[in-house]
Amino acid sequence: MVAVALLVMLIALFAGAGVYLYWQRYNDTLHNIENRAQASSQLVAVNAQWVIETARQSLRRIDEVLGAEMVVTSDKVGALREAVTSLPQNVQIFVLDAVGNVRYADDPAMTLGGAASTDYFSRLQAGNEWYISPLLIGADKQQFFVVGKRIARDGQFVGVAVVSIPASLMAQIWASLQLGPNSTTSLATDEGDVVTRFPAPEGSVDLRQSPLFTTYLPKAAQGTYVSTSVADGVERIVGYHRVEGTNLVAIAAIALAPAMRDFWSGLTGAAFFATPVLLALLVAAAWIGRLLQQQREAEEVSQRLAAIVESSDDAILSKDLNGVIETWNAGAERLFGYAAEEAVGQPVTMLIPEDRLHEEPTILSKIRRGERVDHHETIRRRKDGTMVDVSLSISPVYGPYGVIGASKIARDITQHRRQEEQMQMLLREMNHRIKNLFTLAGSIVAISARSATSPTDLAQSVSRRMMALSNAHALTMSSIGKDGPGTTFHTLLKTIFAPYASEEGVPVVFNGDDFELGPKAVTHMALLMHEFATNSAKYGALSVSAGRVEISSTECGDDLEIVWRELGGPAAEEPRSEGFGSLIGRATAMQMGGAIERKWGEEGLTITVKLARAALGQ
């Protein structure tokens with residue numbers, strides 16, 4: 001009985017766990033459908049905003065073409081058609097005068113009897129600048145809606161210009177979203193009249209009493225809810241989003257039953273196999289729990305990544321296929337220095353240096369073919385004329401009929417370029433120092449061998465000199481990451497030349513007064529003297545037993561002059577090019593407000609270093 005009770009408890013426990021897991025998965029599925037409905041409504045809103053704004057721009061151009069007399073002559077017809085070339089196909093134009101008579105219509109057979117009594121005409125006549133109609137049905141049963149513009153001359157109403165847009169436009173948007181069977185996409189006015197819908201309704205649809213307009217839209221400009229359609233009675237998850245700059249609401253509704261079909265199928269299959277196989281249920285429960293945990297972790301990672309993208313400081317802008325800037329974010333303002341009102345409407349070439357103008361036609365050509373441009377490193381120009389290194393990622397933007405523009409992300413990589421240059425400099429310096437150390441090690445062995453009387457004596461001499469060389473090399477790093485004590489110039493020189501000392505003493509003569517060196521100056525001076533000594537041990541006076549070095553210091557006003565003179569060594573020949581060691585020496589002297597001058601001769605090398613006295617105490 002205990003075993004049976006335990007088995008029942010286990011079955012009940014795992015059945016409960018299974019119910020919980022599937023309830024969680026049910027909620028996750030609903031949440032995913034809601035997110036998809038919301039995202040789809042935003043896409044419908046973006047497309048609708050583009051169509052309405054393009055229609056308005058076309059109507060403005062039509063208003064200009066009509067002229068002061070509102071007369072449509074044969075020479076104006078081409079300009080009227082050209083005004084709507086940016087709009088979808090099958091768009092119709094017609095122009096009415098102040099009493100509703102047709103002045104122009106694309107289709108000569110078009111009849112607009114009673115146009116003066118239509119809602120769009122009366123509203124424009126009453127003073128509305130723009131008007132977007134609800135869904136209309138023509139004599140041929142074709143559904144459409146119109147965007148109209150009031151035409152006035154000297155403040156007086158003289159007529160209206162209207163573009164008729166086929167409702168079939170929504171079919172293309174619906175197909176691109178792939179929302180599933182019985183799903184719909186539509187536009188409605190904020191008064192609750194349907195403007196266009198796919199699948200198309202049999203007639204006009206009044207949504208004024210739907211939850212969207214009675215409950216949800218008054219509270220938020222976008223969101224989701226579950227409702228049964230008044231048009232066809234199908235239960236759907238509805239996402240809605242106000243269309244910016246219009247009186248329209250974009251709606252994407254996903255049929256709940258087909259969207260949940262995979263979930264219910266999975267639940268039925270699991271229940272069928274779970275009852276007879278307890279062990280499989282236990283394993284499956286643990287496995288499903290793990291999968292759900294991974295799913296939650298993946299969602300958290302996705303949310304974190306989305307937050308990072310949302311808060312990115314990268315410049316993000318969009319442009320049309322002619323390279324004219326259409327949108328401009330705060331990151332672009334920070335990177336390039338132009339405010340949005342300064343940049344929008346301007347050619348993107350204002351950001352491109354003259355020697356890079358050839359890049360833009362290539363980029364636009366790829367965008368027109370629907371190709372992306374990934375991580376294109378180049379140079380762009382700021383408002384103040386300075387240049388900035390950027391990495392560009394450019395993607396095509398699609399409209400109902402193909403590519404309509406491009407979105408561009410520009411990332412400032414100036415610091416990255418500097419870091420690469422610094423890394424190369426560090427690698428070269430490390431290589432230079434390692435080569436010097438190997439050369440000096442050989443020189444130290446040679447110097448020690450001159451006076452060694454036995455292998456033991458040679459080993460001890462080499463060990464002492466190598467230790468002294470280590471102390472001298474450490475001085476070149478003394479102030480990095482700390483503010484340690486300073487030292488004197490002569491003390492510094494004794495430490496640096498200790499590795500080259502023999503029984504006769506250090507082959508270096510110091511002339512001039514000693515002076516104090518601050519912590520930073522110790523590093524810079526040690527680097528200079530160590531570089532000079534290293535080169536002398538490789539090629540100059542310190543490379544032979546009879547060679548010596550004379551170092552003198554003289555104050556010259558606000559400067560200090562240090563002269564390094566090599567004697568008794570091989571003749572010094574001027575190198576064909578400046579080596580990395582010479583580059584380090586020159587850069588170090590510049591950091592101390594000075595400069596280096598070298599003279600090569602038969603007696604040896606002479607180096608004159610002038611330094612700012614103020615830099616020595618730092």
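The values are calculated or read from the model by the stated rules, or taken from the named source; none is laboratory data. On a predicted model such as this, the values are computed, not experimentally measured, just so you know. Methodologically, a virtual Cβ is constructed for each residue, glycine included, from the backbone with ideal geometry; neighbour enumeration extends over all protein chains shown. Protein only, heavy atoms only, side chains kept; ligands, DNA and RNA dropped before computing areas. Shrake-Rupley method; radii C 1.70, N 1.55, O 1.52, S 1.80 Å.
If you plug the beta carbon distance of residue 265 and residue 32 into 1/(1 + (r/R0)^6) with R0 = 22 Å, you get a FRET efficiency near 0.85. Computed on the range 44-171, with alpha-carbon pairs under 8 angstrom and 6+ residues apart, the relative contact order is 25 percent. Placing pseudo-labels 7 Å out from each Cα toward the beta carbon at residue 342 and residue 387 gives an inter-label distance of 2.1 nm. Amide H contacts of residue 518: 617, 618, each under 5 Å away and 5 or more positions distant or on a separate chain (H built 1.01 Å from N in the peptide plane; Pro and chain starts excluded).
With 25 Å as the limit, the listed pairs 219/319; 219/408; 366/408; 76/319; 149/408 have 219/319; 219/408; 76/319; 149/408 beyond it between alpha carbons. Per-residue surface analysis assigns residue 362 an accessible area of about 80 Å², computed on protein heavy atoms at 1.4 Å probe radius.
Can you tell me which aspartates and glutamates have their Cα less than 19 Å from the Cα of residue 383? Leave out same-chain residues fewer than eight positions away. Cα-Cα hits under 19 Å: 313, 314, 326, 333, 341, 342, 354, 355, 360, 412.
Within the same chain, lysines fewer than 8 places from residue 599 are excluded, and of the rest, those with a Cα less than 19 Å from its Cα are 538, 610. Evaluating 6.51 cos²θ - 1.76 cosθ + 1.60 at θ = phi - 60° for every residue in the range 246-261, the Karplus couplings come out as 9, 9, 9, 10, 8, 10, 10, 10, 9, 4, 5, 4, x, 5, 8, 4 Hz, glycine and proline recorded as x.
Around the amide H of residue 399, modelled in the peptide plane, lie the amide H atoms of 404, all under 5 Å away and 5 or more residues distant in sequence or on another chain. Sequence-ordered 3J(HN,Hα) estimates for the range 45-58 from the Karplus curve with 6.51, -1.76 and 1.60 and θ = phi - 60° stand at 5, 4, 5, 5, 4, 5, 5, 5, 5, 5, 4, 5, 4, 5 Hz, glycine and proline given as x. Near residue 136, once Lys and Arg are set to +1 and Asp and Glu to -1 for all other residues with Cβ below 11 Å from its Cβ, the sum equals -2. The local environment of residue 33, defined by Cβ-Cβ distances under 14 Å, has a net charge of 0 under the rule Lys, Arg +1 and Asp, Glu -1.
Annotation: amide H of residue 167 within the under-5 Å range of 143, 144, 145, sequence separation 5 or more or interchain, hydrogens built in the peptide plane.
Of the GluC sites (Glu not before Pro) found in the range 156-239, those that fall in a DSSP loop while having at most 14 other beta-carbon atoms within 10 Å are 191, 202. The residues of the range 542-618 expose on average 55 square angstrom of accessible surface per residue, using a 1.4 Å probe on protein heavy atoms.
If we count every other residue with Cβ under 14 angstrom of residue 210's Cβ, Lys/Arg +1 and Asp/Glu -1, where does the sum land? Neighbourhood net charge equals -3.
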